[in-house]
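S.K.: If you scroll down you'll find the structure; I have some questions about it.
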Amino acid sequence: MSIIEVQAVGQESLDRAQKLLAGIPGGMDKAVKSAMQRTVSHLRTSSANAIRERYDISAANIRAEENVSIRYSYRDGIQAFVRFAGSKIPLFRYGGASPSAPTFDQNRLVPAMIHGKWRMVHPGVPARGHQLKESTSTLFEYAFIAQMKSGHVGIFERNGSKSISSGDAISEVMGSSVPQMLGSEEVSEKLGQEAMEKFEERLEHEVLARLNGWV
C-alpha cells in the first residue's frame, strides 16, 4: 500500500479562509471537503500519468484496480494522507501481452488431465508479456492465454498441482499493483507537490464560490 502525505495549506491561509466563511454555517468544512474531493480526482489522473511514464499499461487498466482514499486533519495547517490501495494487475492487461486471445498450436498434441482423464489436446501458444515500456516482452514458455467461464482473459500457467476437478491446476501470471508502481519516493514527492498545489487552488475557488453564492 502506498501513502502520500500532503501538507496542503499553511495555518495563515486556513485562518483567512475561515474568517471569510465565518458567516456561512458549515462553510469552511464544506469548502475543505469539496476541495479535497477535487484534489483526489486530480491525483487519480496524475498518478496514472506518472505510472504510464514507466509502465506499459493504459489509464483504463490502472483505474480498474486503483482504490484511492483520503483523510485529513487541521493540525499545523491541513495535513492530508492520500492512500493508494489495490490488487496486483493481471499481466495480460499490460501492453505487449500476446497473443491477444486464446490461441492453440494446431501442429502438435500434448497429454493433459481433464476431469480426471488423460486426453491429447492442442497446447496453448506460449504467452509473452512485460510491464516496463523500455523492456522487451518476456516469453513464458509454459504459460498460455486462456479465457475463464466468467469471461476473464489472462495469462495462465500450470503450477504442478491438481484442481478439485482432478485437472491440472493453473494460476494467473500477475504484474504489479498500483501501490507498487507508485512506491518510489521520487514519484510520491512529485505527486504530493502536485496535490498540494491543486488543493490550494481548489480551496480558494470553493471559498469564492460560497461567498458569491455559486453553490
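S.K.: Taking segment 45-89 only, how many residues are in a loop (DSSP other than H, G, I, E, B) and either modelled with pLDDT of 80 or more or open to solvent by less than 40 Å² (accessible area, probe 1.4 Å) (or both)? Steps first, answer last, please.
M.R.: Start the filter on segment 45-89 by keeping residues that are in a loop (DSSP other than H, G, I, E, B), which leaves 53-54, 56, 58, 65-66, 74-77, 86-89.
Still in the running and either modelled with pLDDT of 80 or more or open to solvent by less than 40 Å² (accessible area, probe 1.4 Å) (or both): 53-54, 56, 58, 65-66, 77, 86-89.
Residues that pass the stated criteria total 11.
S.K.: Please work out if E5 is outside any strand (DSSP E or B), surrounded by fewer than 17 Cβ atoms within 10 Å (Cβ to Cβ) and either at pLDDT below 90 or under 15 Å from the mean Cα position of the chain (by Cα) (or both). Write out each step before concluding.
M.R.: Values: outside any strand (DSSP E or B): no; surrounded by fewer than 17 Cβ atoms within 10 Å (Cβ to Cβ): yes; either at pLDDT below 90 or under 15 Å from the mean Cα position of the chain (by Cα) (or both): yes.
It is false that E5 is outside any strand (DSSP E or B), surrounded by fewer than 17 Cβ atoms within 10 Å (Cβ to Cβ) and either at pLDDT below 90 or under 15 Å from the mean Cα position of the chain (by Cα) (or both).
S.K.: If you don't mind, another one. Name every residue in segment 96-108 that is over 15 Å from F156 (Cβ atoms) and crowded, with 16+ Cβ neighbours inside 10 Å, in order of residue number.
M.R.: G96
S.K.: So which residues in segment 165-212 are assigned to a loop (DSSP other than H, G, I, E, B), modelled with pLDDT under 85 and open to solvent by 10 Å² or more (accessible area, probe 1.4 Å)? First the steps, then the outcome.
M.R.: Kept after step one, since they are assigned to a loop (DSSP other than H, G, I, E, B), are these residues of segment 165-212: 165-167, 173, 175-177, 182-184, 212.
Those still in the list that are modelled with pLDDT under 85 too: 165-167, 183-184.
Residues satisfying the conditions are S165, S166, G183, S184.
S.K.: Let me ask something else about it. Just for segment 148-158: of the residues that are at pLDDT 95 or above and not in a loop (DSSP other than H, G, I, E, B), which one is most open to solvent (accessible area, probe 1.4 Å)?
M.R.: Here the answer is V153.
The values are calculated or read from the model by the stated rules, or taken from the named source; none is laboratory data. In this text the structure is predicted, and so the values were computed from the model without any measurement. Every residue, glycine as well, gets a Cβ built from its backbone with ideal geometry; the counts of neighbours run over all protein chains shown. SASA here: full protein model, heavy atoms, side chains in, ligands and nucleic acids out. Shrake-Rupley method; radii C 1.70, N 1.55, O 1.52, S 1.80 Å.
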